[in-house]
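Accompanying notes for the structure given below.
The values are calculated or read from the model by the stated rules, or taken from the named source; none is laboratory data. For clarity, every value in this text was computed on a predicted model and none was experimentally measured. Cβ coordinates were reconstructed from backbone atoms using ideal geometry, including for glycine residues, and neighbour counts include every protein chain displayed.
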Amino acid sequence: MEGPLDSVAEQTSSFPWLEDADVLAGVTEVAQGPLAEAAYRIDQEHYYPTDIMASLGEAGAFGVHLDRYGGRYDLALKAMSEIARVCGSTGFLTWCHDACGLYMEQSGNPALLARLDDHARGRTMGGTGLSNPIKSLTGIEKMILTAKPVAGGYVVNGTLPWVSHIARGQYCGVLAGVDDGGDAPSREIMFLLDLDERVDLRRCPEFSGMEGTSTWAIPLVDYFVSEAQIIADPAVPFIKKVRSAFILLQIGWAQGVIQGSIDSIDEVEDVLGHVNQYLDARPDELRAELDDLTTRATSLCADPYCEDKDFFLQVLDARAQAAELALKASQSALLHQGARGYLMKAAPQRRIREAHFVAIVTPAIKHIRWEMAKLMREEMPA
């Protein structure tokens, strides 16, 4: 009998990554090897690990969530978790890359689909610049980029303050409000922003860590967007379709930070367990909470493009749960390790910062609660 992966395989010239176990084995080998060795450099020395990302891509880390490779979101979360377990920065880069692939595939644009295999294999790199648009569409702030219709496409202006996993020659998915001459944008468009010679990237202020995520400001001056770059026009129906998948993928990143924190607690249990037993958030408790989160996320991965409001509320709640558990587990790991975990090259102090980034990156915990409150108000009778 033909299975779902067989039917997908017929649609592509080659179908790697058939076996889930092989994908996880390959990803784990890269994560525990070259990525583990580079984690400090990535965090503190501006090392943008595109070479390691390429190896992860060949192992399947960036492709298995795509429909053409089986639409295995649960496997994508497991792969991302194995990466973030070792290096939260690279876990974040993986999410950026996965999200960009999601946009490209779901666009249905033949020009973007032709670029998707190289993206999925890590041969080309692309991120996501949806922080401002997501907050704009939920009413938190105004859309930064504006697009004016011209022959053959749009001309875009404005400056995105920070976008990660980008460099010259790469690309990212972004949104712009369409200026048709009215008082407000008539609609929004989403497009793949190619960072070619027309774009002058500006360095961001120095962060407390995760410096290897290659985060830049993007000023655009009369940047022409062709039809070959269009992801969605109008963009809002597209965002509604992919928003749950976009947020679900972030949970895999959080799971890795949580598991890495538990690993750090386990490392010192033989030596410090006699005194650590008096601490809260012990490893067995954290493991049970992580198992609960994993079960919940896996269930949601069965239908990542569901547009039902109740489903989206469940995704938002699971994302908040992941961020809150990452904060709890990372703090516990540092308390369990004590002074050794506070050393600059120690994993626990790094994960404290990684966990806080999980909690503040869009959608941040406060944005999630804002959106959930708004959605629940819409359901209340007048």
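Across the stretch 127-182, what is the number of residues that are aromatic (Phe, Trp, Tyr) and more than 30 Å from Pro49 (Cβ to Cβ)?
1
Residue count for the stretch 15-59 satisfying the condition of being touching a residue at least 60 places away in the same chain (Cβ under 8 Å), of a type in the set (Asp, Glu) and either surrounded by 14 or more Cβ atoms within 10 Å (Cβ to Cβ) or farther than 14 Å from Gly212 by Cβ (or both): 2. Is at least one residue of the stretch 349-357 in contact (Cβ under 8 Å) with a residue 40 or more places away in the chain and not in a helix (DSSP H, G or I)? No, because not a single residue in the stretch 349-357 is in contact (Cβ under 8 Å) with a residue 40 or more places away in the chain and not in a helix (DSSP H, G or I).
Just to be sure before I move on: is Val271 modelled with pLDDT of 95 or more, more than 21 Å from Ile365 (Cα to Cα) and in the same structural domain as Leu334 (by TED's automatic domain parsing) in the structure I sent?
Numbers: modelled with pLDDT of 95 or more: yes; more than 21 Å from Ile365 (Cα to Cα): yes; in the same structural domain as Leu334 (by TED's automatic domain parsing): yes.
Answer is yes for this residue.
So how many residues does the stretch 232-248 have that are within 18 Å of the chain's Cα centre (by Cα) and either free of Cβ contacts under 8 Å to residues at least 40 places away in the same chain or under 28 Å from Thr146 (Cα atoms) (or both)? Qualifying residue count, the stretch 232-248: 10. Annotation note: Cβ proximity below 9 Å between a residue of the stretch 121-143 that is not assigned by TED's automatic domain parsing to the domain that holds Ala99 and surrounded by fewer than 20 Cβ atoms within 10 Å (Cβ to Cβ) and a residue that is in a helix (DSSP H, G or I) and among the hydroxyl-bearing types (Ser, Thr, Tyr) (sequence gap 6+ or interchain) occurs for Lys142/Ser136; Met143/Ser136.
Against the conditions (1) out of contact with any Lys or Arg (no Cβ under 8 Å at 6 or more places or on another chain); (2) outside any helix (DSSP H, G or I), where does Tyr223 fall short? Just the number, please. If we test Tyr223 against (1) out of contact with any Lys or Arg (no Cβ under 8 Å at 6 or more places or on another chain); (2) outside any helix (DSSP H, G or I), just (1) comes out false. Comparison of Ala217, Ala176, Ala167, Ala184 shows that the only residue that is in contact with a Leu (Cβ under 8 Å, 6 or more places away or on another chain), of a type in the set (Gly, Ala, Ser) and in a loop (DSSP other than H, G, I, E, B) is Ala167. Could you say whether any residue in the stretch 310-324 is among the basic types (Lys, Arg), under 18 Å from Leu75 (Cβ atoms) and assigned to a helix (DSSP H, G or I)? So far as the stretch 310-324 goes, no, none of its residues is among the basic types (Lys, Arg), under 18 Å from Leu75 (Cβ atoms) and assigned to a helix (DSSP H, G or I). In the stretch 298-318, the residues that are under 20 Å from Asp98 (Cβ atoms) reach residues that are of a type in the set (Phe, Trp, Tyr) and buried (at least 16 other Cβ atoms within 10 Å of the Cβ) with C-beta atoms within less than 7 angstrom, at least six apart or across chains, in these pairs: Cys301/Tyr73; Pro304/Tyr73.
Applying the set (1) touching a Lys or Arg at 6+ places or on another chain (Cβ under 6 Å); (2) closer than 23 Å to Ile189 by Cα to Ala235 leaves exactly one unmet item: (1).
The C-beta contact set for the stretch 202-222 (first residue closer than 20 Å to Ile360 by Cβ and in contact (Cβ under 8 Å) with a residue 60 or more places away in the chain, second residue assigned to a loop (DSSP other than H, G, I, E, B) and of a type in the set (Lys, Arg), distance under 9 angstrom, 6+ apart or interchain) is empty. Taking the stated definitions as given, is Gly212 touching a Phe, Trp or Tyr at 6+ places or on another chain (Cβ under 8 Å), farther than 30 Å from Phe312 by Cβ and not assigned by TED's automatic domain parsing to the domain that holds Thr90? Answer is yes for this residue. Of all residues in the stretch 62-81, exactly one satisfies the criterion of being buried (at least 22 other Cβ atoms within 10 Å of the Cβ) and touching a Ser or Thr at 6+ places or on another chain (Cβ under 6 Å), namely Met80.
Only a single criterion out of (1) modelled with pLDDT of 95 or more; (2) under 20 Å from Ile231 (Cβ atoms) is not satisfied by Glu197, namely (2).
If I filter the stretch 178-187 for residues that are aliphatic (A, V, I, L, M), at pLDDT 95 or above and within 25 Å of Val361 (Cα to Cα), do I get at least one hit? Checked the stretch 178-187: no residue is aliphatic (A, V, I, L, M), at pLDDT 95 or above and within 25 Å of Val361 (Cα to Cα).
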